[in-house]
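For reference, the structure discussed in these notes is given below.
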Amino acid sequence: YRAMTFTRRRFLKASAAGFGAAVLSFGLTGCSLNDDDDETTKQIPVNFDHGVASGDPLADSLIIWTRITPLENVTSVNVVWQASTDANFTTISHDGETQVSDATDFTLKVDLQGLDANTTYYYRFISNGKTSPTGAGKTLPTDNIEQVKFAVVSCANYPAGYFHVYGEIAKQTDLDAVLHLGDYIYEYGNTGYATEDAAELGRLLPDDNSDEIISLADYRKRYAHYRKDDNLQAAHSHCAFITVWDDHEITNDTWHSGAENHNDGEGEFSERKMHALQAYFEWMPIRNVADKERIYRRFEFGNLVSLHMLDTRVLARDEQVNYADFDLTSSQGQTDFVAAISSPTRALLGNEQLTWLTDGLTTATTQWQVLGQQVLMTKMHLPLEILQLLMNIQVTQANGADPSALLAQANTLFSELAQIKGRVLAGDPTVTSEQRARVETTAPYNLDAWDGYAYEREQILGTAIAAQKNLVVLAGDTHNSWAGQLVTDASNPVSAKAAAGVEFATSSVSSPGLENYLALNTQSNEAVAQIEQVIALLVNDLAYNNLVERGYLTVTFTQQQALAQWQYVSSVKTADYTLLNERQKALSVQAGNPTLQMV
């Protein structure tokens, strides 16, 4: 089986034509690098400027990826691939050759087939005398295993800072996969979001890609620029990635038929979306699918973990609810608002994907059910007073005005409400009804997250409870770290106000978080820690948050527990950095007991 005698010519035209298609590789082809072929493509000088990558590992297959940069103006180039179970390629298990062209931006994906389970494979590419760097990726186990470990990462904005986080992930020696939960690129130009330090850091986007990206050529160039980053290349070559998109791979706050950042003069949104998705499938090590909007998929790690990768952004998401449409100062307005975000007709996953997920959760036999997805599922409900003040701060900053008075007011309000909440929790009988209402009249702070799509969330949590599954949800998107208890609503028909699982959310690679809006970078470490404690107190289901640091998350699964560990870098604004050991945090959840525990 491993020594199938496919000829080189048989593979030559099996190029990745179309929308991110992959060439299948079944083993050794017995081909030579020097047999007769079209001479016009043989001696073209090339580089591998964008490194190599692997992804979508299964027990018997693995996607490997590269991009060839021709140094002359040509339309196609021949590329050879090789894979081996040893880093020196002493014995080749798979090889072959194909032709890549400008139709796929000279990117190549090969789907290695017939691999051994739970095995690390090394791979490389050769074109016109040039050999790529070597990459490594591990196939999935099929039997009983003791441990699965993921690195979880999201939100990498190139102009916002250095990609030190990717470099740290590349140093991890015991990862089974890297889960990238979206915002792999950002669509803004050099004058867009979080670009104020880009020139000083040497992180400006190139002149031919310095505006907001809209066309297919724009998206391709943006990926190409990101993938020249040494730290990102190191992470990709080190370990297989399992990826899903969020909004910025297309444009900010995308939903199925539009986006906040798709404006008049930018053409049809559907056309822009398809340009973005085509570039994504070309540049990411993801297995090709027939319908490019249906990337939800499942990965089985032996008897231990079922990883359900979800799309909460492109396939079925309805447009976000807008606070401005409701009078939250009136009881009727609050009632209308709750009815809107809880409506059973509001979709985030959509019926097809939701049914696929709940069926998968119900029938799974693995110890842990893990959702790899984009946005926070924890109920992040803040007192309405705070929410209104935060909105005023954002509006003030957006208008270029000085928010310092409002920020001082926010600090006072946080402290005041925290004292009341503490008294409520302690059972203080002197708490007045008006004080209680101040901390118990709450609303979600982010309607782009699951809080804006409550019905489907209840379906998932109810399923996990009914099926008695150990549920762990992973999230990105917010640029800050969170750990939350996933609790059903009082109206959940399966189990009202019950713990269904936990959520671990990673910080960002470089995008700024709440510290940017609350001016936390100007405050002492003690003051920051106090604000973080206050927010955890005021949000009922929240156990942990980090509001200021950039970093990533590892989650280690055993039969007994899931252990989440957050790592942070000292700065993404300086080339030199350290790990912030004093800010590391670990929480765990035990199998059979969906309650977060500090470690």
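Things to note:
- Inter-probe distance in nm under a simple model that places probes 7 Å from Cα toward Cβ, at residue 466 and residue 355: 1.5 nm
- Per residue accessible area of the range 328-385, 1.4 Å probe, in Å²: 38 Å²
- Peptide ranges 287-299, 556-568 listed from the most packed, as the mean C-beta count within 10 angstrom indicates: 556-568, 287-299
- Loop-located trypsin sites (Lys or Arg not before Pro) in the range 112-208, at most 13 other Cβ atoms within 10 Å (DSSP): 171
- Dipole axis of the chain (+1 Lys, Arg; -1 Asp, Glu on Cβ), positive-most option in 417, 166, 472: 472
- Sequence-distant residues sharing a close amide H with residue 24 (under 5 Å, placed H): 111
- Here's the picture: charge each Lys and Arg Cβ at +1 and each Asp and Glu Cβ at -1 in the chain, and of 357, 529, 394 the one pushed furthest to the positive end of that dipole is 357.
- Each peptide in 265-273, 346-354 was scored by the mean count of other Cβ atoms within 10 Å over its residues; highest first, the order is 346-354, 265-273.
- Within the shell of other residues whose beta carbon sits under 12 angstrom from the beta carbon of residue 293, the net charge comes to +2, with Lys and Arg scored +1 and Asp and Glu -1.
- When each of the peptides 319-332, 482-495, 235-248 is scored by how many other beta carbons lie within 10 Å of its residues on average, the order from highest to lowest is 235-248, 482-495, 319-332.
- Cβ-defined net charge surrounding residue 158, 9 Å radius [Lys, Arg +1; Asp, Glu -1]: +1
- Distant-in-sequence amide contacts of residue 543, defined by a placed amide H-H separation under 5 Å and a gap of 5 or more residues or a different chain, comprise 483, 484, 485.
- The phi-based Karplus calculation (6.51 cos²θ - 1.76 cosθ + 1.60; θ = phi - 60°) puts the 3J(HN,Hα) values of the range 85-98 at 8, 10, 5, 8, 6, 5, 10, 8, 8, 9, 8, x, 9, 8 Hz, whole numbers, x for Gly and Pro.
- Accessible surface computed residue by residue for the range 163-306, with neighbouring protein chains in place and a 1.4 Å probe, gives 34 Å² per residue.
- Solvent-accessible area, 1.4 Å probe, carbon plus sulfur percent, for the chain: 48 percent
- Taken one residue at a time, the phi angles of the range 164-180 give Karplus couplings (6.51, -1.76, 1.60, θ = phi - 60°) of 4, 4, 4, x, 5, 4, 5, 8, 5, 9, 10, 7, 8, 6, 9, 9, 9 Hz. Gly and Pro are set to x.
- Projecting the Cα atoms of 115, 139, 175 onto the dipole axis of the range 36-180, where Lys and Arg carry +1 and Asp and Glu carry -1 at the beta carbon, places 175 farthest toward the positive end.
- Dipole magnitude for the chain: about 1500 debye, using +1 per Lys or Arg Cβ and -1 per Asp or Glu Cβ, origin at the Cα centre.
- Relative to the Cα centre, the charge distribution of the range 293-381, modelled as +1 at Lys and Arg Cβ and -1 at Asp and Glu Cβ, gives a dipole magnitude of about 320 debye.
- All lysines inside 28 Å of residue 421 as judged from Cα atoms, apart from same-chain residues fewer than 8 positions distant: 379, 497, 585
- For the range 549-599: accessible area per residue (Å², 1.4 Å): 45 Å²
- Looking at the range 258-414, the DSSP beta bridges with both ends there are about 50 percent antiparallel.
- Calculated mean residue ellipticity, 222 nm, the chain: -7500 deg cm²/dmol, from DSSP H runs (n ≥ 4) at -39500 (n - 2.57) each, averaged per residue and rounded to 500.
The values are calculated or read from the model by the stated rules, or taken from the named source; none is laboratory data. In this text the structure is predicted, and so the values were computed from the model without any measurement. No Cβ is skipped: glycine too gets one built from the backbone with ideal geometry, and neighbour counts run over all protein chains shown. Side chains are part of the model used for accessible areas, which takes the heavy atoms of the whole protein and leaves out ligands, DNA and RNA. Shrake-Rupley method; radii C 1.70, N 1.55, O 1.52, S 1.80 Å.
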